[in-house]
1. Would you pick out the residues in the stretch 442-472 that are small (G, A, S) and farther than 19 Å from A135 by Cβ?
2. Restricting the search to the stretch 1-18, which residues are in a helix (DSSP H, G or I) and among the aromatic types (F, W, Y)?
3. Among the candidates G212, G199, G193, which residue alone is surrounded by fewer than 18 Cβ atoms within 10 Å (Cβ to Cβ), closer than 29 Å to S279 by Cβ and of a type in the set (G, A, S)?
4. G212 - would you say it is touching a Phe, Trp or Tyr at 6+ places or on another chain (Cβ under 8 Å), on the phi > 0 side of the Ramachandran plot and of a type outside the set (S, T, Y)?
5. Looking at this structure, is P239 closer than 16 Å to V42 by Cα, in contact (Cβ under 8 Å) with a residue 12 or more places away in the chain, in contact with a helix residue (DSSP H, G or I) (Cβ under 7 Å, 6 or more places away or on another chain) and not in a helix (DSSP H, G or I)?
6. What is the number of the single condition among (1) in a helix (DSSP H, G or I); (2) over 20 Å from F506 (Cα atoms); (3) not polar (S, T, N, Q) that V100 does not meet?
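The values are calculated or read from the model by the stated rules, or taken from the named source; none is laboratory data. Keep in mind the model is a prediction, meaning the values are calculated, not measured. Cβ: placed from backbone, ideal geometry, glycine included. Neighbour counts: every protein chain shown.
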Amino acid sequence: MARENWTSSLGFILAAAGSAIGLGNIWKFPYLAGEHGGGSFVLVYLICIVIIGLPVMCAEMLVGRHTRRNVINAMGKVERIAPHPAVRYFMAALAAAAAVAFAINGAWLMTVVSLLGVWFFALRGFAILGWIAAAVALAILSYYAAIGGWIVEYIWRSATGALSFSGDIAAAEKGAQTFFAEYISDPWRVLVGFLIFMGLTAGMIFGGIRSGIERICKFLMPLLFILLLVVIVRSVTLPGAWEGVKFITRPTMDAFTPEVMLMAMGQVFYSLSLGMAISVTYGSYLGREHNILRSAGWVAVLDTLMAILAGFAIFPAVFAAGADPAAGPGLIFGVLPAVFDTMWLGPVWATCFFVMLLIAAVTSSASLLECGATILIERWRRGHKRGSRTRAVAVTFVLCTVLGLLSVFSTADWSHLPGFERGAKFLMGALDKGNWLDTLDNLASNWILPFSALGSVLIVGWCWTGRRAAPELLAAGESPRDYRALLGCWCFFLRWVAPIGIALIFFNVAILG
């Protein structure tokens with residue numbers, strides 16, 4: 001059976017942008033900006049997108065298109081094209097260092113996994129990197145879908161007027177936070193939204209690349225943009241909203257701290273979906289007629305634009321209502337409902353916002369599920385078995401749903417899973433954050449994604465070498481001479497700037513905590 005391709009550059013860009021534009025943009029980016037200086041965080045984030053995020057994304061798309069394979073086979077094939085034992089042993093040494101850091105934190109499960117990684121990197125090569133990227137994609141989806149279930153619940157509550165609180169903004173904010181706490185403490189209510197969200201995710205990829213992901217993204221991404229603009233217009237026209245605009249657009253020198261820079265670099269990986277197999281998988285369906293530099297550039301622009309627009313949708317309303325912009329992860333679910341409640345036609349604006357958030361979340365979760373489905377399809381076909389998409393999606397759906405139950409039933413705390421609580425404290429040590437959702441998010445975002453992205457950087461920038469790989473970024477028939485400056489910048493950032501930036505993230509997490 002012939003492998004699918006994207007039908008057009010626009011279809012690929014919208015699908016890839018849909019995978020990147022998700023909760024990382026509209027939930028995580030605003031609350032990190034609120035906690036770390038607003039405009040200062042945004043400026044550092046923009047710089048990191050250009051010098052780290054975009055080069056790594058291009059490298060991952062390049063690996064996918066060149067090999068035309070799933071992420072596991074792709075990494076192994078690239079290493080066979082350009083073997084470099086020194087880089088392989090470096091990754092083995094880094095895995096050993098991670099094992100030591102995990103042992104110091106009492107995370108014995110990850111210590112064992114890291115030691116196995118040392119053995120695989122030293123003896124089996126970079127194919128293990130594909131397994132890591134695929135595993136982290138499915139792990140992220142398992143807890144990402146739990147948050148997606150919260151969004152489903154909030155759409156229903158907003159549309160029915162149930163998110164209504166009495167009193168001034170302080171009382172309304174307290175009411176919104178109490179509602180959220182009561183909601184996540186009831187795992188059976190969370191489970192309903194979780195299953196609906198997982199069903200929407202699976203439904204999006206059943207049709208395949210062209211008839212499923214590409215066709216739906218061509219409809220959903222413009223709708224997402226329209227809804228975001230509607231919320232922005234309402235937000236910035238509120239009395240006192242200009243303070244929120246200044247907060248998100250004006251950097252302050254005292255906010256440029258090492259912590260802000262490291263948090264911005266880490267957010268780049270999460271926001272652009274780097275190190276989690278998505279760019280490699282989507283790139284594998286990209287034909288030679290597409291220019292990866294141009295396509296990846298548009299994806300980065302759209303992703304960054306959505307993150308900044310989300311800031312314009314949220315912070316003017318927060319400042320107009322006199323709420324706290326540094327409310328952290330609870331900004332969306334514990335503060336914004338109270339802010340919307342103070343507005344005229346508050347339920348309408350709240351419903352628009354959470355529908356917009358659901359669209360962003362589903363397009364991202366579909367790309368995560370597609371990574372696992374692609375691996376199963378290709379491995380079954382290679383084994384002369386029936387590699388149908390329906391079967392692969394069903395198996396991946398069940399796997400992620402079962403794993404996601406840990407996040408659903410431990411969202412508030414481990415009280416609903418007392419046996420698992422003891423196991424988590426023993427196996428994860430200091431990495432245990434009180435529930436499986438936060439524990440897995442911490443492990444994936446701060447440890448595994450940077451490690452996986454570093455492997456992609458080294459295998460392309462140092463094994464393959466940027467000079468030999470650079471022409472692969474161009475469309476068929478295009479001359480490297482016409483893109484000499486861009487290709488030179490890509491090689492430099494990929495070989496030097498990106499590895500150093502990732503190493504700083506590792507140092508911050510492993511040494512400084």
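1. The first filter runs over the stretch 442-472 and keeps only residues small (G, A, S), leaving 444-445, 452-453, 455-456, 461, 466, 469-470.
Result: G461, G466, A469, A470.
2. Filtering the stretch 1-18 for residues in a helix (DSSP H, G or I) gives 9-18.
Across the stretch 1-18, the qualifying residue is only F12.
3. Numbers: G212 fails: surrounded by fewer than 18 Cβ atoms within 10 Å (Cβ to Cβ); G193 fails: surrounded by fewer than 18 Cβ atoms within 10 Å (Cβ to Cβ).
Only one candidate qualifies: G199.
4. Values: touching a Phe, Trp or Tyr at 6+ places or on another chain (Cβ under 8 Å): yes; on the phi > 0 side of the Ramachandran plot: no; of a type outside the set (S, T, Y): yes.
So G212 fails the test.
5. Working: closer than 16 Å to V42 by Cα: no; in contact (Cβ under 8 Å) with a residue 12 or more places away in the chain: yes; in contact with a helix residue (DSSP H, G or I) (Cβ under 7 Å, 6 or more places away or on another chain): yes; not in a helix (DSSP H, G or I): yes.
Against the criterion (closer than 16 Å to V42 by Cα, in contact (Cβ under 8 Å) with a residue 12 or more places away in the chain, in contact with a helix residue (DSSP H, G or I) (Cβ under 7 Å, 6 or more places away or on another chain) and not in a helix (DSSP H, G or I)), P239 does not qualify.
6. Of (1) in a helix (DSSP H, G or I); (2) over 20 Å from F506 (Cα atoms); (3) not polar (S, T, N, Q), only one is false for V100: (2).
Residues checked against (1) small (G, A, S); (2) surrounded by fewer than 21 Cβ atoms within 10 Å (Cβ to Cβ); (3) under 30 Å from I314 (Cβ atoms):
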| residue | (1), (2), (3) |
| --- | --- |
| W349 | no, no, yes |
| M356 | no, no, yes |
| S367 | yes, no, yes |
| G372 | yes, no, no |
| I375 | no, no, no |
| A394 | yes, yes, no |
| F397 | no, no, no |
| L405 | no, yes, no |
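Conditions (1) of a type outside the set (S, T, N, Q); (2) without any contact (Cβ under 8 Å) to a residue 24 or more places away in the chain; (3) farther than 30 Å from A202 by Cβ, marked per residue:
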residue: V402; (1), (2), (3): yes, yes, no
residue: P418; (1), (2), (3): yes, yes, yes
residue: A430; (1), (2), (3): yes, no, yes
residue: K433; (1), (2), (3): yes, yes, no
residue: G455; (1), (2), (3): yes, no, no
residue: G461; (1), (2), (3): yes, no, yes
residue: G501; (1), (2), (3): yes, no, yes
